1. Which whole-number percent is the relative contact order of the chain (Cα, under 8 Å, 6+ apart)?
2. Over the stretch 136-197, what per residue volume does the convex hull of the Cα atoms give, in whole Å³?
3. Running a GNM on the chain with Cα contacts under 10 Å, which residue among LEU289, LEU225, LEU313 ends up with the highest mean-square fluctuation?
4. Running a GNM on the chain with Cα contacts under 10 Å, which residue among ASP247, ASP44, ASP56 ends up with the highest mean-square fluctuation?
5. Evaluate the relative contact order of the stretch 106-182 (contact order divided by residue number), counting alpha-carbon pairs under 8 angstrom at least 6 apart; express in whole percent.
6. Expressed as an acute angle from 0 to 90° and rounded to the nearest 10, what is the orientation of the C-alpha long axis of helix 90-99 relative to the principal long axis of the chain?
7. How tilted is helix 265-278 with respect to the longest principal axis of the chain? Cα atoms for both, answer in degrees (0 to 90, nearest 10).
8. Report the full-extension gain for the segment ASP229 to ALA185: residue separation times 0.36 nm, less the Cα-Cα distance, to one decimal in nm.
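Just so you know, all these numbers are worked out from the coordinates, no wet-lab data involved. Only a predicted model underlies this, so the values are computations on that prediction, with no experimental measurement involved. Glycine gets a Cβ as well: all are built from the backbone with ideal geometry, and neighbour counts include every protein chain shown.
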Amino acid sequence: MGNPWAYDFSAIGQRSAPLLIIHGSDVDAFSKQQGGFKVGGNSDIYQLIPETMRFDQLNLSKQFLKAEGRPDPARYPVVLNLVTDPDQHPRTLLRVQKVLRGYKGRVINRPDALLRTTRDQVAKRLTGIPCLRVPKLIRLRNPKPGAASAASQRAGQSFPLIVRLAGTHTGKIVGIVKTPDELDAAAVGTGEFLVIEFVDFRSNDGLYRKYRFWSFGDRTIFRHLIISDQWNVHVSERMRLMLDRPDLMEEEQRLLTRPDGAFPGEVHATFDAVKTRMGLDFFGMDFALDAEGRIILFEANATMNFFPLEPHLKFSYLGKLRGPAQEAFTAMLGFEGGSE
């Protein structure tokens, strides 16, 4: 069976690119030293675009809204939306909706679907999937003194709890609290706070393991295993702990023997169920595995990073990901045969 998302490019004008990429920010984009502009809350998977693929770009950041010569989406069979964070850039996602109103082509990660991927919405949507444990999560906006502990109690949460600000990534947290008083001290004042049940996922060897899957269309790519001696596992742990532990690197390499990850079938079936409920063309999911092999959800969204692949020569084995990931990404766009 052929790719149902494939396109016939023979009717596209010689000067037209087959792909339009949309990115942008609710705050001003800032200039990069090497040229161009950078914004947060946008996916980095554009780095999987093959060098031979032609594309145009539309920046919807505030300072570019009135730019002349903006491309018309109607000229493109495929639009790739890289504005992915509904907490950081909700206004920009609404701009993307407006720009694409009436568009007849294929949109990769539609803005309306992304607006439904805040952490609290995702937690609700994924609750109830067999073999998936979703820690209870509540969202508090500008909580008054004492409001956090009261809301947590109503939600039936159990201590300890993780407190973090909405729209933050890369492991940034306010703190982990063990009592109602500590919770009220950590989650109070201006801002939107996420209060999440902490699930101890420490392995028998005393280490913590965080896995990451990526979904591109209907394909799964296993991105990495990060192992730490601390519960707040972040990619920097790769350099701090794993660099001098060949046994841990070998553990990751064993999982990489399959592009989708050498996991038991139950793990893949659970992630397939997550894909269906997420309703996105591409996204990543961070998770742990408990003693019974069930998935413990950390987060699932389209904003988490896919790059860089090789932070150190010792991790050069991660470079093998690029080929399968690029193939899955290109198939998702419908360009398996190239764009020329």
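1. It comes to 19 percent, rounded to a whole number.
2. Convex hull volume per residue, Cα atoms: 66 Å³.
3. Looking only at LEU289, LEU225, LEU313, the largest GNM fluctuation is found for LEU313.
4. Checking each option, the largest mean-square fluctuation is seen for ASP247.
5. 20
6. So the inclination is approximately 20 degrees.
7. 70
8. Working it through step by step, the gained length comes to 13.1 nm.
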